[in-house]
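A quick write-up on the structure given underneath.
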Amino acid sequence: MQRYFVETANWQDDQITLDGQDAHHIIRVMRMNEGDQIICVHPDGHAAKCTIDAFTADSVLVSETESLDLNTEMPVSVTIAQGLPKGDKLELIVQKGTELGAAGFVPFQAARSVVKWDEKKKDKKRQRLEKIAKEAAEQSSRQTIPLIEDVLSFQALLQSSDTYKHKLFAYEEAAKGLKADPLRVVFESISPEDNVLVVVGPEGGFSETEADSLQQNGFLPVRLGPRILRTETAPMYMLASLSYHFEE
C-alpha cells in the first residue's frame, strides 16, 4: 500500500487532501481509482489507512478509514553530520541512512572535502536531498521524514553540537590501533530517547586539527571495526549497529 506524508494544513479531521507531487504520483504514475486505499502520515507521526473519494484537476481527496498503531522509528534520535563527499555519494547516504532510521542529516565543509557547494545552488541541492529523504521514508514505512540541514562550516558544526547528549565521530585512526572505546561500550551509555550526533569525514577522513577540535568539544572517537570504511559506508555501519543494539 502506497504511503504519503501529508502536511498538517491538508488534514481536516478525517478528510485529507493530497496535492503537488503526491497527487501526480497517485494519478499519473500509480493510476489509482476511487475506492483504492493508501496510507497517509501526519507530521506528528500519526499514520492512517485512507480511501480515495474523489479527484480534482490537481489534487486527490481521501478519507481516513482506520488509524494505524505503528512504531517504526528508532528509539534513539541519530543525526548524521557528513563531510561533503564527491559525486552523488551524499544522495546515497541520505537515501540509505533514511531507510536505516536516521533522524536527520547535516552536511558540512570539511578540510579534506574536495567538493564545495556553490551558494547559488545549495538550496537546490538541499531540496533534492529532501525529496530523496521523503521518498526513502515512504518506501521504508517511516513515520517521520529526516530533517536535512543547510551545509555548515566545520566551526559552525562544532558550535551547533551542544544540543546533543552524545557526540561521536568515526575516526579512521581508531581502526589502526588508536585507543578508542568499542561501539558496544559506547552504546551502553546511550538510553532510548537520547539524541546522538555522529560525525563522518569525507574521502581522506579528518585532518589532525579537526580530530583534535572534535575531542576538545566533547566528541568521542569511535572505532567502526578493524577495517577502513569508505565515507559512504561509515554512516550505514553506525546506523545498522545502533538499530541492532536498540531494536533487535
Subject >> Quotient of Cα Rg and 2.2 N^0.38 Å for the chain, N being how many residues it contains >> reply: 1.12
Original post:
Do any trypsin sites (Lys or Arg not before Pro) in segment 1-40 lie in a DSSP loop with no more than 12 other beta carbon atoms within 10 Å, and if so, which?
Top reply: 31
Original post:
Rounded to the nearest 500, what is the chain's calculated 222 nm mean residue ellipticity when only DSSP H runs of at least 4 contribute -39500 (n - 2.57) each, over all residues?
Top reply: -8500 deg cm²/dmol
**OP:** Using a Gaussian network model of the chain whose springs link C-alpha atoms within less than 10 Å, name the residue from 130, 91, 119 with the highest mean-square fluctuation.
**Re:** 119
**OP:** Kindly report, to the nearest 10 Å², the accessible surface of residue 212 as traced by a 1.4 Å probe over protein heavy atoms only.
**Re:** 80
**OP:** Working with all protein chains in place, sort 120, 165, 89, 125 by solvent-accessible area computed with a 1.4 Å probe, largest first.
**Re:** 120, 165, 125, 89
Original post:
If the chain between residue 14 and residue 217 were fully stretched, how many nm would it gain, using 0.36 nm times the residue separation less the Cα-Cα distance?
Top reply: 68.3 nm
**OP:** Could you check what % of the DSSP bridge pairs in the chain are antiparallel, to the nearest 5?
**Re:** 40
Original post:
Once Rh is set to the Kirkwood radius over Cα pairs, what Stokes-Einstein translational diffusion coefficient, in µm²/s, holds for segment 1-67 at a temperature of 10 °C and a viscosity of 1.306 mPa s?
Top reply: 138
Original post:
Taking θ as phi - 60°, what are the ³J(HN,Hα) couplings along segment 16-27 by the Karplus curve (6.51, -1.76, 1.60), each to the nearest whole Hz, with x for Gly and Pro?
Top reply: 10, 10, 10, 9, x, 5, 5, 4, 4, 5, 5, 7
Subject >> Per-pair calculated FRET efficiency, R0 = 30 Å: residue 245 and residue 208 via Cβ, rounded to 0.05 >> reply: 0.50
Original post:
To the nearest µm²/s, what D does Stokes-Einstein give for segment 1-113 at 25 °C and 0.890 mPa s, using the Kirkwood radius over alpha carbon pairs as Rh?
Top reply: 152
**OP:** Among the listed pairs 86/124; 49/89; 96/124, give every one whose C-alpha distance is greater than 24 Å.
**Re:** 49/89
**OP:** Take the Cα of residue 181, step 7 Å along the line toward its Cβ, and report every residue of segment 211-226 whose backbone nitrogen sits under 18 Å from that point.
**Re:** 214-225
Original post:
Size of segment 53-179 along its principal axes in angstrom, Cα-based, largest extent first?
Top reply: 59, 36, 25
**OP:** Roll a 1.4 angstrom probe over the protein heavy atoms and tell me the percent of accessible area of segment 179-225 that is carbon or sulfur.
**Re:** 43
**OP:** Sticking with the crude label model, points 7 Å out along Cα→Cβ, report the distance from residue 195 to residue 44 in nm, one decimal please.
**Re:** 2.0
Original post:
Using alpha-carbon positions, what is the distance between the centroids of segment 3-29 and segment 82-127, in Å?
Top reply: 28
Subject >> Alpha-carbon Rg with Dmax, taken over segment 197-248, Å >> reply: 12.1, 37
Original post:
When the chain is modelled as a GNM with alpha-carbon springs shorter than 10 Å, which of 54, 110, 180 fluctuates the most?
Top reply: 54
Original post:
So what's the Cα pair-distance distribution over segment 127-248, bin width 5 Å, in %?
Top reply: 2, 9, 18, 22, 22, 16, 8, 2, 0
Original post:
Want the number for residue 135 to residue 118: 0.36 nm per residue separation, take away the alpha-carbon distance, what's left?
Top reply: 3.6 nm
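The values are calculated or read from the model by the stated rules, or taken from the named source; none is laboratory data. Everything quoted here is computed from the prediction, not taken from an experiment. All Cβ positions, even for glycine, are placed from backbone atoms using ideal geometry, and neighbour counts span all protein chains on display. SASA here: full protein model, heavy atoms, side chains in, ligands and nucleic acids out. Shrake-Rupley method; radii C 1.70, N 1.55, O 1.52, S 1.80 Å.
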